[in-house]
Amino acid sequence: MIAELIISAVASVSLSTPKVVYNVASEDKKVTNIEAYSVSEGKYLKRMYKINFIYNADGEVTDKNTYQWDERNSGYILKETEKFTK
C-alpha cells in the first residue's frame, strides 16, 4: 500500500512539469526583463519570447518591448513596443 502511494506521488510530480518556464531579471526591486522558454521532454529549453521594461526616474514603467525568438537568425526580433504615459 505505501509503495503504491509513493509510486503514484512520483508519477504525479513527473506529470506536472511545466510547459513554459520564466527567467525574471530585476534591478532595484523592479522587473527589467522576463524571458520565456518552452520545456520539452521535461529537460530541454527552447527560447520563445522576452519582454523588457524601461522605467523613468520616478520608478514608473514608461516602455515595454516584446521580442520573439527567431530560430533562423538565432536572435530576438522586436514584435511590439508599448509606451505608457500618465
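Each reported figure results from applying straightforward, stated rules to the coordinates on display, with no laboratory input. Computed from a predicted structure; not experimentally measured. Note: ideal-geometry Cβ built from the backbone for every residue, glycine included; neighbour counts use all protein chains shown.
Round to the nearest 0.05 the FRET efficiency obtained for Leu45 and Lys86 when R0 = 35 Å and r is the Cβ-Cβ distance.
Once the sixth-power term is evaluated, E becomes 0.35.
Within the same chain, lysines fewer than 8 places from Lys79 are excluded, and of the rest, those with a Cα less than 27 Å from its Cα are Lys19, Lys29, Lys30, Lys46, Lys50, Lys64.
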